[in-house]
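The structure appears below as structure tokens.
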Amino acid sequence: MSERIYTVGNMVKIPDTTLCCKHLNSCEIVFVGKMDYEPNVVAVSNFVQNIFPLLLPVFPDLKFIVVGTHPDMKVRRLKSDRVIITGFVDSVEPYFQNAAIVIAPMLTGAGIQNKITQAMSYGCCVATTSIGAEGLSIRNNEIAIFNDDQSWVDGLSSLLINFDRRVKMGLAARDYVIRNLSYENIEKQFWLFMDGK
């Protein structure tokens, strides 16, 4: 006898459209996450050491903003004029609203990354790796996926100079979250499981 398998996804709170990313800033790349979590430390360190320096000659005003509590010593050492380490913030909302691109360049870790789905709900242009996109059914370019340093450099460069593409991806990302991870959708999944349908 075969048993049914049910999936109940991670619910994402959907912000009002007035609170979404404005896509007006082309100079801020943002990472959001708990900064004593080793996969986040590895991701940010690799980005600052191997990817970000290759973007600066073309985008000299670019800033990388790392938003998250308890920054590890390795992360704090990355701080510079162009790399901002915020530590704890009262709200990540202003960072999502002002971001050109929200990145999650994960090299390790597993499972759905809440920082990615949250940024998507704000209509941000999001870039991650295949590891960061685990658990998401990305089929329509809702987010960008780059898996090596050069792809990151090329991909981010393309996004930074293409405002319309960033806006389009942000709208598609938000629509994906509304369709798949909103309260209403997760509630349906839960009751299907409870009712055994």
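The values are calculated or read from the model by the stated rules, or taken from the named source; none is laboratory data. Note that the coordinates shown come from a computational prediction; the quantities given were computed from them, not determined experimentally. When we count neighbours, we look across all protein chains shown, and the Cβ atoms used for this are built from the backbone with ideal geometry, even at glycine. These area figures cover heavy atoms from the full protein model, side chains too; ligands, DNA and RNA do not enter into them. Shrake-Rupley method; radii C 1.70, N 1.55, O 1.52, S 1.80 Å.
Worth a mention:
- Per residue Cα convex hull volume in Å³ - calculated over segment 13-114: 102
- Using the Cβ of Pro39 as centre and a radius below 15 Å, the other residues enclosed give a net charge of -1, where K and R count +1 and D and E count -1.
- Over segment 111-177, the pair-distance histogram of Cα-Cα distances with 5 Å bins from zero comes to 4, 19, 29, 27, 17, 4, 0 percent, rounded to whole numbers.
- Area accessible to solvent at Phe146, 1.4 Å probe radius, in Å²: 20
- Note on exposure: Tyr37, Tyr122, Tyr95 ranked by accessible area (1.4 Å probe, complete protein assembly) read Tyr37, Tyr95, Tyr122, with the most exposed listed first.
- Segment Leu24-Arg76, length gained on full extension (0.36 nm per residue, minus Cα span): 15.9 nm
- Estimated inter-spin distance, Asp154 and Ile84, nm [label 7 Å along Cα→Cβ]: 3.1
- For the residue pairs Lys22/Lys74; Lys13/Lys79; Lys74/Lys115; Lys79/Lys168, alpha carbon separations beyond 26 Å are given by Lys22/Lys74; Lys13/Lys79; Lys79/Lys168.
- In the full protein context, segment 137-177 carries 53 Å² of accessible surface per residue, based on a 1.4 Å probe and ignoring ligands, DNA and RNA.
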